[in-house]
Every structure is written in C-alpha cells, then in structure tokens.
Amino acid sequence: MLSLPAAGLVSSNCSLDGGFVPCPSNVFSEHEEGVIHVLVTGGAGYIGSHAALRLLKESYRVTIVDNLSRGNMGAVKVLQKLFPEPGQLQFVYADLGDLKAVNKIFSENAFDAVMHFAAVAYVGESTVDPLKYYHNITSNTLVILESMAAHDVRTLIYSSTCATYGEPEKMPITEETPQVPINPYGKAKKMAEDIILDYSKNSDMAVMILRYFNVIGSDPEGRLGEAPRPELREHGRISGACFDAARGVIPGLKVKGTDYKTHDGTCIRDYIDVTDLVDAHVKALKKAKPGEVGIYNVGTGRGRSVKEFVEACKKATGVEIKVDYLARRPGDYAEVFSDPTKIRHELNWTAQFTDLQESLQIAWRWQKAHRDGYAAAS
C-alpha cells in the first residue's frame, strides 16, 4: 500500500532513504539569484514528470504538486533518485481544488514560475462525467491563478489542448482557428484559457498557452513512461491500448469509428512525442515576458489515421495485434492536425521525434520493462 504524507506536507529529496523528511534548511522558501524555481502541477503524471525531468536536467529548482489521482509516486521517486542533491526537487501531496492547501504551498515556497499540467484529460470520460472536468480543469486553474496573484508569481506556462478547437472546417489548425469545442474536456480547457487571458489583461503576468495535439512516446533513456490507472484504460490514449493489446493485458484493440470522412474512414490525429512537447515548454518558459501572452499549437504538422497508427504500433511491438472496429466514441472529431509555423518562428521550436514507429518503439521498451507500471517503485 502506498504511504503518503499529509496534504501540504513537503517530501523533499533531502532524505537518504527516500522517505518524507524535510530539508533542514528549506532553500525552496527563498528566491536565489541564478536559480529559477518552477512549480510543476501534476508533475507525477505522464507529461508533467517528463517536464520535471527536463527542468531538473537544466538546473531549474522544481516543486511537484500532485494528488496522485492520475499520477504515480513511482515517477517522483525516479526523479528523486536521479536528482538527490538538496534544493533540486521536492514533492508536495495536495489537491489543487483545496484553496487553503494551495495558498499554504505558495506561502511556504518562493516560486518564480508555474507549469500547470494537472488535469483529467480523457475526451470519452469527459462526456460521461462532465462536472468532474469543469471542477478539475476550470475551477482548479482559477485556484492556481488566485494563488499566483496573491503571492506575486508572474509567469504561467499553461497546458492546454487542440480539443479547444473542436472540429474546424479547415485544416491545418492555426492559432487563429476559431475555438468551438465539442466535448466537456475541450470546453473546460477553453474556459480555463479564457480566465487566464482575462486576468492577464490587467496584470503584468507572463503567459504562455500551449495547445497540445496527441501525445505519445516516453523518455528515450527509459527512466519514465506512461502508466495510467487500469480502470481508466478504456478512456486512455490509443498508444496505451495498443501496448496493452500487445502485452495481452486486453484481448485486442478497439478502434472506435470507421465511417469518418477521411481517406480510410478512421480519425486523423497529429501525434507529438512527449520529448518534443516538454522541449516546447522549456522554450516557452525561457521566452515568457511580463505583460505578454503567447499562444502556440504544439504538433508535428502532419496527420496520421488511426489505422496508420495501429500498423505502426504492430511494427513497433512486433505483435500482430487483434483489432475490433466499433461505432464512434461520443465527442470525437474526424480530423485534427496542426500548423506549427507560429511556434517555429517565435520560439524556434520544431518537432524532432517525428518517426511514429520509432516513438512507439521507445515507449514500448519502457512498457515491457515496467509491466506493472511504477508499481515496483511505489
């Protein structure tokens, strides 16, 4: 059974045995010249943990806040082992819906910036339980903003999604494409964006909003990966379902929707490797300027169909995965891919890991080595 600290209690990397022992001198509570202290919400999750790893490698000071409802303490422990020196990394177990706890975290730490990843993020689940999504995404973002304002933290990198665009009439999607989300996940994210933008108009906050496309892959060195809760598999990413089918965890892969107006009838998506995605976050953090807002699509600029994805997954795993074709999933859209011109010009960012099969092979290696996810590390 996983042992957790009380909400709001800091678990630092000062402990020699990996336990929850605070640093004797809390350097996290003071600003230090030449050191940028980043609060990473949802840093125990798939994308957030990869972002924390990249920040730590670049000598940022990192505080992870996560309630572990979707994240994994095992990912945090991996990071703690990689970066054991005092003052590099700390973990706080807390729920962002708890305003009192969040304010306490801000009052006890000297943050320079916030990377806000924490969010439930499954389109299908959002159509079944929309209130969870409005609370978890929209309300919690408001709590973060209020705490940032109260404690004079002026840089926000916000994790958003292409789901805010809905199903545009024209492809590819640019940052000027109208936002008309068609599911609660996209709607909740757009509401959060609107709150951030409204607040930023009368403040000197530096804001970067990154709208992701479909995230795949894992750390090329095999330290981190994607380990969703078993009960959420039916709502999860297609890559996770492919790997589960390849490992025999599930009898086969279910492809939902074969009658879309695409070249092979299945949905078309823009698959972005998580390593490229976190690179975009670091570049956004470095370019963020007080009083300015940057909004960027983070994708490859190329769409791939679900059938193409499945074939790539078969080759990456070496398994002839059984595929069942079913009716459409509620809230899905036919075709979505990005125009990454703006982020290339303004942040000097371009996707580097664009070989779909290679990204899946890297992720598959982690999956095979962690058949129970982070269970062994937890």
- [ ] Could you list, in sequence order, all residues of the stretch 59-103 that are of a type in the set (Ser, Thr, Tyr) and without any contact (Cβ under 8 Å) to a residue 60 or more places away in the chain?
- [x] 59, 60, 63, 69
TODO: Could you check residue 100 against (1) buried (at least 20 other Cβ atoms within 10 Å of the Cβ); (2) farther than 19 Å from residue 61 by Cα and say which number it fails?
DONE: (1)
Task: Residues satisfying the stated conditions in the stretch 58-102, i.e. of a type in the set (Gly, Ala, Ser) and within 20 Å of residue 281 (Cβ to Cβ) - done: 59, 71, 75
Open item on the list: Just to be sure I understand, how many residues within the stretch 199-246 are among the acidic types (Asp, Glu), surrounded by fewer than 19 Cβ atoms within 10 Å (Cβ to Cβ) and closer than 23 Å to residue 320 by Cβ?
Closed with: 1
Task: Set 199, 260: member being modelled with pLDDT of 90 or more, closer than 24 Å to residue 128 by Cα, among the hydroxyl-bearing types (Ser, Thr, Tyr) and not in a strand (DSSP E or B) - done: 260
Task: Elements of type strands (runs of 3 or more DSSP E) contained in the stretch 265-378, each with 3 or more residues being touching a strand residue (DSSP E or B) at 6+ places or on another chain (Cβ under 6 Å) and not aromatic (Phe, Trp, Tyr) - done: 293-298, 323-326
- [ ] Determine which member of the set 221, 231, 176, 169 is of a type in the set (D, E, K, R) and not in a loop (DSSP other than H, G, I, E, B).
- [x] 231
Open item on the list: For the stretch 241-253, check the following and say yes or no: at least one residue is assigned to a helix (DSSP H, G or I), in contact with a Pro (Cβ under 6 Å, 6 or more places away or on another chain) and over 20 Å from residue 116 (Cα atoms).
Closed with: no
Open item on the list: So the check is Cβ under 7 Å with 6+ separation or different chains; which pairs have a first residue in the stretch 266-279 that's touching a residue at least 40 places away in the same chain (Cβ under 8 Å) and a second one that's basic (Lys, Arg) and surrounded by fewer than 23 Cβ atoms within 10 Å (Cβ to Cβ)?
Closed with: 266/307; 268/304; 269/304; 270/302; 271/304; 278/54
Task: One residue from 149, 113, 119 being surrounded by fewer than 17 Cβ atoms within 10 Å (Cβ to Cβ) and either modelled with pLDDT under 95 or out of contact with any Asp or Glu (no Cβ under 8 Å at 6 or more places or on another chain) (or both) - done: 149
- [ ] Pick out the one residue from 141, 127 that is within 18 Å of residue 40 (Cα to Cα), in a helix (DSSP H, G or I), touching a helix residue (DSSP H, G or I) at 6+ places or on another chain (Cβ under 8 Å) and not aliphatic (A, V, I, L, M).
- [x] 141
TODO: Test each condition in (1) over 21 Å from residue 168 (Cβ atoms); (2) surrounded by fewer than 23 Cβ atoms within 10 Å (Cβ to Cβ) for residue 305 and report the one that comes out false.
DONE: (1)
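The values are calculated or read from the model by the stated rules, or taken from the named source; none is laboratory data. For clarity, every value in this text was computed on a predicted model and none was experimentally measured. Methodologically, a virtual Cβ is constructed for each residue, glycine included, from the backbone with ideal geometry; neighbour enumeration extends over all protein chains shown.
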